[in-house]
Every structure is written in C-alpha cells, then in structure tokens.
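The values are calculated or read from the model by the stated rules, or taken from the named source; none is laboratory data. The structure displayed is predicted, hence computed values, not measured ones. Neighbour counts run over all protein chains shown; Cβ positions are idealised from the backbone, glycine included.
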Amino acid sequence: MHINLEERKQFFNECMRDYKVRIIICGGTGCIANGSMNIYNRFIEIINQKGYAITVSLKKEKADFILSQSGCQGFCQMGPLISIYPQGILYTKVSVDDVDEIVEKTILRGEHIDRLLYRTPTGEPVCIKSEIPFYARQQRIMLKLCGNIDANDLDEYIGNDGYSMAHKALFEMSDEAICKEIMDSGLRGRGGGGFPTGRKWDLTRKNLSDIKYVICNGDEGDPGAFMDRCVMEGNPHSVLEGMIIAAKAIGASIGYVYVRTEYPLAVERLKTAVKNAEAAGILGENILGSGMKFVVYIMEGAGAFVCGEETALMSSIEGKRGMPSPKPPFPAEKGLFGKPTLINNVETLSTVPLIMRIGAEEYAKLGTKTAKGTKTFALTGHVANTGLIEVPFGATLREIIYDIGGGVIDDNGNLTNDEFKAVQIGGPSGGCLTPAHLDLPLDYETLQTVGAMVGSGGLVVMNKQTCMIKIARFFMQFTQNESCGKCVVCREGTRQMLALLDDIIEARATNETLELLEELATTVKIGSLCALGKTAPNPILSTLRYFRDEYNAHVFGGYCPSNNCDAFKKYTIDALKCKSCSLCSKKCPTGAISGERGVPYVIDASKCIKCGACVLSCKFNAVAVG
C-alpha cells in the first residue's frame, strides 16, 4: 500500500476548510515544561462544556474548531505560546486560568485579549504574530512549518507539499542530478564544519558498495543550543524527507537518526514519524512504489558530546565506545560498518526539500557569496527575547541582538542597551566577540578571521556584569568533561588549561600563568586528533585576544573588573550601619570578625575566606562587598 500524495494533500485542504478556528498550542520542550499540555487539555474541556465540537486531529468529521499541538514556536522567552488562526493572533505567557477567557472572547467572539499580547519595549501591544519584531525581522524558511503544524500528523506535512520533493527525486531525477542541485544551491553543512553538502553527497555517490548508509546527526550537545532539537520536535518529517533524497542521491538503503537521549520528546516524535511513514509506504522496502528500499532507525546516543564528531558517532552506532578515528579514510569511502556513509546534521537535511522546492538558483540568492541560505541560531543569555531564530547568512550581530533579540538586559532583567559586552558564538568550539564585531556579517569565513566560528548555531549574549575569564572557564570545564581521552594532548591539555584558569580566578596566577595558558591553548589546537580538541581552546584564545585587559586585571591588578570572582572580593563593615549585634561574628567560620558592644565590628582580611556568611546574617546591610 503506497500513499497517493496528491490525494492526501487534497484531503488535508478539505479538512481545514471545515474548521472555523484553529488553535495551535506550543508543544516544544520549553513550553511543555511551563504547563502547555495542561492548557491543551483545558481547551478541550471548556469547549466541550460550551457545547461546541472540537477535534484534535485532521479527520473528516464535523467540528467547529481544531486544536493542535505544535513543536517549538521559537519565542521561548514568552512561553507558553498559543497561536490562533485565521486571525493570526499570538498569546504569550498563557496559563490554564486564561483558557476560559480565550474561548469566550477570542474563539467565540473574535476579540483579542490585550493583557496576553506581546508588548514592545515601549509598552505597545502587538496582536498579530507576524508583526511582532522577533518574528518580522527573521527570515523563517527552514523553520516555516516548525510551530505551525502538528508534528505528529503525517497528513498535515503532506498537505504542506511534504514528501513531494522525495517523490520528484525518486521518479524524475538521477543521482547525479540531485547532487548537482544541492551543489548549485551552495548549501554547506550546518553542524559546524561548513563542508559543501553537494560535494559530500557526490563523493559518497561515486564510491560503489552493496550497502550504503545515510546518518542524520542529531547529537546536539553545545551548552545553550537547541536548534536541531526544535526541528526534530516540530517538523520530523522534513528530516526524513531530506534523508530519502540523500539516500536516492548516493544509493543508500539504510538510514540512522542519531539523537541525544536527553531529547526524549524529539525521540518520541521521530519514532512516530518513522512509524507513520512506514505505514504509508514512504519508508520501507519499496518507498512510494519506486522499487527503492530505504529503512530508517532511530538510535539514542548516551549523551557524549564527542559523539557529535562523525567517526565517534559511527563508532557509537556500531556498539563501540564513542571515540574519534583518524581521517582518512573519510566516511564517504569507509564509514559505518566499513561501508560508504553520508553524515549530515538535522538542519542540513531538513533544508534539502526546501532547496528542491524553490530551486537551487533561488536558494543561492540568500546569504553571502560563500555562505548561501539561512542559518538557525539559539539566542540565549542577557537578551530580552530569547528563542530559536533563523536569519540569512550575512546578518549582523547587531541585527540579531537588538532587532530580533530586543536588546541587552542586566542581571535583573531590565533593558540596558549600553551594557553589551560580548557574545559567545559556536558554543565550546567557538569564540567570544565584542562590540567591535556587532556589524560583522555572519558567515563561515568572516568569523574564522576573528577567531570564532558559526558552529552549530549557539549565540550566548553577555552584559558588562559578566566575567570573561569565568566564561572561558565554563566552556573549558564542559570540554574537559566531554573529552573522550583518546589523545593525550586533548585529555591532559584541557585539564591543565582548566587548572590555569582556576589559578587566575582564584588569585594565584602570575605572568607565567598567562604565558603557559596561551602556549598550551595553541598546542592543544594544533595537536588534537578531532574537532573537539582542536576547537576546545577557542574560548580561551578569543578572550585572551579581545579581553586581555581583563586577564591582566586579575593577574596583575588584583581585582575582577566585573566583581564576579570571589577571591578578589573584599568584605568590609560600614561603621555607620553596624549596630554591634555580633550576629556576623557568630556566623563567621574562621573568626575573622571581631568587636564589642557599642563599637562597630571589623573584618580581618587575612582570615576572611569570603564565604558570605556575614552578608547573609547581617540584618542592617552593614557588610559591604566590593
């Protein structure tokens, strides 16, 4: 039994015409954690109580309204989110208690609820989702369906032209033509390396073998990154369609989607997508009646960051310890189980059907000369609007942080646009950029010239209250923990770099510490086997390059410019505020505080371990930290 795509598309359109209102509740991980499924269930309850018919799936049944659970809608800062069509209204920070009013006013009477609308920094409400600056200033083409469709509904994906490009590839295009189309589009790998996708496909195609594999790398492990997770949760069929097209191009019969086990919702929705696609004849022994076999398996990784590296990933699928192997041979020649293997990440494969739909020439008009198309970023940190965004290559940090992100905030969440200090781009493999780079166009080559990289797409914004040495230490701690230990340079080098950063933060460093740190970082970068080790020093090298004064302040000046490092904090007691109550003295674990009744207490700096017990115990705010 093979599905007729045109009939199913027509079925979808007929169903949708029957419903007066569509309610889409964000069912991404973030909104679910904030209670969106309780809201979902409450909608069903309230609408049924009012005597109206509601359906939760696309069936040929009479109903007034349809309620859908989408993947991530992107605007994570404002969740739980509810989109209501055909009006196009977006409600933010919705709670269960709001459902009754939404049904009564918006669903039944077509009115909007002012207090649930997004408000600009100047306080103006925005009713229509597409007019909110966060969305309006993006170019969401790959993410177009994410957050707007029911991720578990095969018919809805087909209704939006889903699998039509897989059908075209299977019945109308040769393997060479498919590879050429991807090459002409200029698509490069979105997982961090930026290797030309079409070229990788063509290299794998030319290696003859009885068995070939396609692997989707969903092992997204960068701190603060969630781009691939949102695509797998919100539009899993786009990933499968990209894999089918890739399989036809290279002659593969087996596919694996390798997903982090920490992504249970993505795993669940991918498994559902595979099951539904198999039942429809889109995957299996004779896909879409083409005579081609392509079977897809979902494999959960154990959570090792190093398994994002392709040879370590393949080792993990084979049941071995996830450790990188030297290249060559490359996977295109000798990959999974010794057979030619194509590995692309989630975003890359999800972009493939889009390219074939609009054409390589049209897609290549987006982006820059060397980086075509768009890129998704996970925008987090000290920024007003956090979430999942998509912009063309060539967009600037200023556009992302201020136009889409809404500006920089302080540690209390207040908008303070003169407080931007840095942005970490590319995760633990990337680097920190400064206000001087705000107008730098983002693409692979440009970022490399300033010591950073696109990476998988993490963007962490930092304000001036951030200590850059502690940021470098955070990423180094992560990388050191995730080093597989195979090569000594990475295993021991990351450990020693972490120790040197600790010396700086804890006021033990000298000039030799800085010299050794820089020398060691360069050595690890050159001598490591895989990309994890080669890029591990990037946060250190970039902060040394752009924030050398901050390192010097710690080492030679005896202070932390952002006042974040405990070792440099000085605890004193304000004599005018001190009531001589002795509470601070009683709580001090080292006996560093002395005094007597009627006389202000004092702190002996030589005994103070800067634990903060005195601050917590003082009822008169007499203890100052500076």
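Please list, ordered by first then second residue, the pairs with beta carbon atoms under 8 Å, 6 or more apart or interchain, first in segment 88-111 and on the phi > 0 side of the Ramachandran plot, second surrounded by 14 or more Cβ atoms within 10 Å (Cβ to Cβ).
Gly88/Ile128; Gly88/Lys129; Lys93/Met78; Lys93/Gly79; Lys93/Pro80; Lys93/Leu116; Gly110/Gln87
Which ranges mark the helices (runs of 4 or more DSSP H) fully within segment 229-331 that have 2 or more residues being farther than 16 Å from Cys216 by Cα, out of contact with any Cys (no Cβ under 9 Å at 6 or more places or on another chain) and in the same structural domain as Lys200 (by TED's automatic domain parsing)?
Hits in segment 229-331: 264-279.
Would you pick out the residues in segment 177-234 that are under 14 Å from Gly308 (Cβ atoms) and among the polar types (S, T, N, Q)?
Asn217
Of all strands (runs of 3 or more DSSP E) completely enclosed by segment 55-170, which ones contain at least 2 residues that are surrounded by 23 or more Cβ atoms within 10 Å (Cβ to Cβ) and of a type outside the set (D, E, K, R)?
So the answer is 65-70, 89-91.
Could you look through segment 567-612, keep only residues that are basic (Lys, Arg) and surrounded by fewer than 12 Cβ atoms within 10 Å (Cβ to Cβ), and pick out the one that is modelled with the lowest pLDDT?
First, pick out the residues of segment 567-612 that are basic (Lys, Arg): 569-570, 577, 579, 586-587, 597, 607, 610.
Among the residues that remain, those that are also surrounded by fewer than 12 Cβ atoms within 10 Å (Cβ to Cβ) are: 586, 597.
Values: Lys586: 92, Arg597: 86.
Across segment 567-612, the extreme among qualifying residues is Arg597.
With respect to Lys470, determine if the residue is under 15 Å from Pro539 (Cα atoms) and surrounded by fewer than 23 Cβ atoms within 10 Å (Cβ to Cβ).
So Lys470 passes the test.
Identify all residues within segment 202-224 that are crowded, with 22+ Cβ neighbours inside 10 Å and either in the same structural domain as Thr479 (by TED's automatic domain parsing) or in contact with a strand residue (DSSP E or B) (Cβ under 6 Å, 6 or more places away or on another chain) (or both); write none if there are none.
Thr204, Tyr213, Val214, Ile215, Cys216, Asn217, Gly218, Asp219, Asp222
Consider only pairs whose beta carbons are under 7 Å apart and that are at least six residues apart or on different chains; among these, list those whose first residue lies in segment 229-241 and is on the phi > 0 side of the Ramachandran plot and whose second residue is part of a helix (DSSP H, G or I) and among the hydroxyl-bearing types (Ser, Thr, Tyr).
Nothing qualifies.
Quick one: would you say Val602 is among the hydrophobic types (A, V, I, L, M, F, W, C) and in contact with a Leu (Cβ under 9 Å, 6 or more places away or on another chain)?
No; evaluated as a whole, the condition is false for this residue.
Being surrounded by 18 or more Cβ atoms within 10 Å (Cβ to Cβ) and under 20 Å from Gly451 (Cα atoms) is the filter; apply it to segment 499-517 and report the residue that is nearest to the chain's Cα centre (by Cα).
Once the filter is applied, the top-ranked residue is Leu501.
In segment 262-271, which residue that is more than 16 Å from Asn344 (Cβ to Cβ) and in contact with a strand residue (DSSP E or B) (Cβ under 6 Å, 6 or more places away or on another chain) is surrounded by the fewest Cβ atoms within 10 Å (Cβ to Cβ)?
Top of the filtered list is Lys271.
If you go through segment 501-531, how many residues are more than 26 Å from Ala312 (Cβ to Cβ), part of a loop (DSSP other than H, G, I, E, B) and among the aliphatic types (A, V, I, L, M)?
2
Would you kindly identify the strands (runs of 3 or more DSSP E) lying entirely within segment 349-442 that contain at least 2 residues that are among the polar types (S, T, N, Q) and either in the same structural domain as Thr120 (by TED's automatic domain parsing) or closer than 30 Å to Ile250 by Cα (or both)?
Ranges flagged: 374-381.
Within segment 526-547, identify whether any single residue is β-branched (Val, Ile, Thr), within 28 Å of the chain's Cα centre (by Cα), buried (at least 20 other Cβ atoms within 10 Å of the Cβ) and over 25 Å from Lys421 (Cβ atoms), and answer yes or no.
No: segment 526-547 contains no residue that is β-branched (Val, Ile, Thr), within 28 Å of the chain's Cα centre (by Cα), buried (at least 20 other Cβ atoms within 10 Å of the Cβ) and over 25 Å from Lys421 (Cβ atoms).
Only one residue in Val296, Val274, Val259 is surrounded by 15 or more Cβ atoms within 10 Å (Cβ to Cβ) and within 18 Å of the chain's Cα centre (by Cα). Which one?
Val259
Write out, first by first residue and then by second, each pair whose Cβ atoms fall under 7 Å of each other, whose residues are 6+ apart or on separate chains, and whose first residue, in segment 172-199, is in the same structural domain as Gly426 (by TED's automatic domain parsing) while the second is buried (at least 24 other Cβ atoms within 10 Å of the Cβ) and modelled with pLDDT of 95 or more.
Hits for this filter: zero, empty list.
Exactly one condition in (1) at pLDDT 90 or above; (2) surrounded by 16 or more Cβ atoms within 10 Å (Cβ to Cβ); (3) within 27 Å of Arg548 (Cα to Cα); (4) in contact with a Ser or Thr (Cβ under 6 Å, 6 or more places away or on another chain) is false for Asp439; which is it?
Among (1) at pLDDT 90 or above; (2) surrounded by 16 or more Cβ atoms within 10 Å (Cβ to Cβ); (3) within 27 Å of Arg548 (Cα to Cα); (4) in contact with a Ser or Thr (Cβ under 6 Å, 6 or more places away or on another chain), the lone unmet condition for Asp439 is (2).
Here is a yes/no grid of residues against (1) polar (S, T, N, Q); (2) under 14 Å from Pro428 (Cβ atoms); (3) assigned by TED's automatic domain parsing to the domain that holds Ala536; (4) modelled with pLDDT under 95:
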{"residue": "Gln480", "(1), (2), (3), (4)": "yes, yes, yes, yes"}
{"residue": "Lys486", "(1), (2), (3), (4)": "no, no, yes, yes"}
{"residue": "Cys490", "(1), (2), (3), (4)": "no, yes, yes, yes"}
{"residue": "Gln496", "(1), (2), (3), (4)": "yes, no, yes, no"}
{"residue": "Leu500", "(1), (2), (3), (4)": "no, no, yes, no"}
{"residue": "Asn511", "(1), (2), (3), (4)": "yes, no, yes, yes"}
{"residue": "Leu516", "(1), (2), (3), (4)": "no, no, yes, no"}
{"residue": "Lys525", "(1), (2), (3), (4)": "no, yes, yes, yes"}
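Please find, within segment 272-288, the residue that is farthest from Ile3 (Cα to Cα) out of those that are in contact with a strand residue (DSSP E or B) (Cβ under 7 Å, 6 or more places away or on another chain) and of a type in the set (A, V, I, L, M). Working first, answer last.
Keep residues of segment 272-288 that are in contact with a strand residue (DSSP E or B) (Cβ under 7 Å, 6 or more places away or on another chain), which gives 274, 278, 283-284, 287.
From what's left, of a type in the set (A, V, I, L, M): 274, 283, 287.
On the way: Val274: 14, Leu283: 11, Ile287: 10 Å.
Top of the filtered list is Val274.
In segment 30-37, is there at least one residue being of a type in the set (S, T, N, Q), assigned by TED's automatic domain parsing to the domain that holds Ile82 and surrounded by 14 or more Cβ atoms within 10 Å (Cβ to Cβ)? Write out each step before concluding.
Taking segment 30-37 and keeping what is of a type in the set (S, T, N, Q), we get 34, 36.
Checking the rest, the ones that are also assigned by TED's automatic domain parsing to the domain that holds Ile82 come to 34, 36.
With the extra rule that they be surrounded by 14 or more Cβ atoms within 10 Å (Cβ to Cβ), the set shrinks to 34, 36.
Yes, the conditions are met somewhere in segment 30-37.
Please find, among Asn481, Asn552, the residue that is over 30 Å from Asn417 (Cβ atoms), polar (S, T, N, Q) and out of contact with any Ser or Thr (no Cβ under 7 Å at 6 or more places or on another chain).
Asn481
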